[in-house]
Amino acid sequence: MSTQIFVNLSVKDLNKSVEFFTKLGYTFNPQFTDEKATCMIISDTIYVMLLTRSYFQTFTKKEITDAHKAVECSIALSADSKEAVDEMVAKAVAAGANIPNPATDYGFMYQHSFDDLDGHHWEYVWMDPNGMPEQQG
């Protein structure tokens, strides 16, 4: 069995977050959805649990970071092409995301990012395995 990853993110308004990520084409598992949380499906092994701030707080004694003010993490997901990267970022912007940096093209790798409604940083990356620079040893 493959290892699964569940990224947990606090959100201010669960319904608005679901609406935002639905516009990006993501779906949700109703079995793990209620008024406090939902399970966003990225792939068959990657999930993002969107949790209301008050519910998220029950899992930690630490202060919850305001992702609009501080970076908590950068969630990077692969894409099939440069165009797919740009398409996802365009969908995010249309749904209300902010663009913190312009796209970066390294030739063998292309990336673009956005900050979602709660300030969480998402990067979409396309890499050309045939174009990877040789490692110097």
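All of (1) touching a helix residue (DSSP H, G or I) at 6+ places or on another chain (Cβ under 8 Å); (2) of a type in the set (Asp, Glu); (3) surrounded by 15 or more Cβ atoms within 10 Å (Cβ to Cβ) hold for residue 86 with one exception: (1).
Of the set (1) over 22 Å from residue 7 (Cα atoms); (2) assigned by TED's automatic domain parsing to the domain that holds residue 16, all apply to residue 106 but (2). Among the residues that make up the stretch 124-134, is at least one of them loosely packed, with under 14 Cβ neighbours inside 10 Å, of a type in the set (Gly, Ala, Ser), assigned to a helix (DSSP H, G or I) and modelled with pLDDT under 95? Yes, the stretch 124-134 contains at least one residue that is loosely packed, with under 14 Cβ neighbours inside 10 Å, of a type in the set (Gly, Ala, Ser), assigned to a helix (DSSP H, G or I) and modelled with pLDDT under 95. Within the stretch 101-122, if we keep just the residues that are over 11 Å from the mean Cα position of the chain (by Cα) and not in a loop (DSSP other than H, G, I, E, B), the residue that is farthest from residue 75 (Cα to Cα) turns out to be 105. When the stretch 28-59 is filtered for residues that are among the β-branched types (Val, Ile, Thr) and closer than 19 Å to residue 5 by Cα, the ones remaining, listed by number, are 33, 38, 41, 42, 45, 46, 48. The test for being closer than 20 Å to residue 67 by Cα and at pLDDT 95 or above holds for residue 116. Residues that are at pLDDT 95 or above, of a type in the set (Gly, Ala, Ser) and not in a loop (DSSP other than H, G, I, E, B) within the stretch 31-84 comprise 37, 54, 76, 78, 84, listed in sequence order.
The values are calculated or read from the model by the stated rules, or taken from the named source; none is laboratory data. None of the values given here were measured: they were computed from a predicted structure. Glycine gets a Cβ as well: all are built from the backbone with ideal geometry, and neighbour counts include every protein chain shown.
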